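Peer 1: Attaching a single structure in structure tokens format; questions to follow.
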Amino acid sequence: KNSGGRGAGTITAGLFLEEFVDNTPWVHLDIAGTAYLSDGQGYLPKGATGVPVKTLYYLIKHH
């Protein structure tokens with residue numbers, strides 16, 4: 001499942017954080033759904049996946 005349901009949690013969190021950044025550029029990344037596995041899947045063991053780490057590293061390095 002890659003959905004947070006009907007509670008609008010992602011946009012609510014982003015709007016909450018926006019109240020504290022003033023004019024500072026920022027981004028809210030909702031990575032909770034891919035960051036941890038309760039059970040292993042294929043080559044990914046149970047626990048923290050590190051799924052977004054390579055993407056974030058590339059983004060920071062090249063921009």
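Throughout, read-outs are computed from the coordinates displayed, never taken from laboratory work. No experiment lies behind these values; they were computed from the predicted model shown. Counting neighbours? That spans all protein chains shown, and the Cβs are built from the backbone with ideal geometry, glycine included.
Peer 1: Run the dipole for the chain about the Cα centre, Lys and Arg Cβ at +1, Asp and Glu Cβ at -1, nothing else charged, and hand back the magnitude in debye, nearest 20.
Peer 2: My answer is approximately 360 debye.
Peer 1: Is the chain best put as rounded, prolate or oblate by its Cα gyration tensor, with a ≥ b ≥ c the root eigenvalues, rounded for a/c under 1.5, and otherwise prolate when a/b is larger than b/c, oblate when not?
Peer 2: Because a/c hits 1.5 or more and a/b fails to exceed b/c, the chain counts as oblate.
Peer 1: Report the extension gain between Tyr36 and Thr55 in nm, rounded to one decimal, defined as 0.36 nm multiplied by the number of residues separating them, less their alpha carbon distance.
Peer 2: 5.2 nm
Peer 1: Say each of Ala13 and Lys46 gets a label point 7 Å from the Cα, pointing the same way as Cα to Cβ; how far apart are those two points in nm?
Peer 2: Once both label points are built, they end up 2.4 nm from each other.
Peer 1: Further, regarding this structure: Using amide H atoms built in the peptide plane, which far-off residues or other-chain residues are under 5 Å from Tyr36 H to H?
Peer 2: Amide H neighbours of Tyr36, under 5 Å, 5+ apart: Thr49.
Peer 1: Related question: Against the longest principal axis of the chain, how steep is helix 53-62, in degrees 0 to 90 to the nearest 10, with axes from Cα atoms?
Peer 2: Roughly 40 degrees between the two axes.
Peer 1: Let me ask something else. Once the dipole of the chain is set up with Lys and Arg at +1 and Asp and Glu at -1 on Cβ about the Cα centre, which of Gly42, Leu56, Val27 lies farthest towards its positive end?
Peer 2: Gly42
Peer 1: Taking only Cα atoms, what is the 0 to 90° angle, nearest 10, from helix 9-18's long axis to the longest principal axis of the chain?
Peer 2: Orientation of helix 9-18: about 40 degrees from the principal axis.
Peer 1: Using per-residue counts of other Cβ atoms within 10 Å, averaged over each peptide, order 37-45, 19-27, 6-14 from highest down.
Peer 2: Top to bottom by mean Cβ count within 10 Å: 6-14, 37-45, 19-27.
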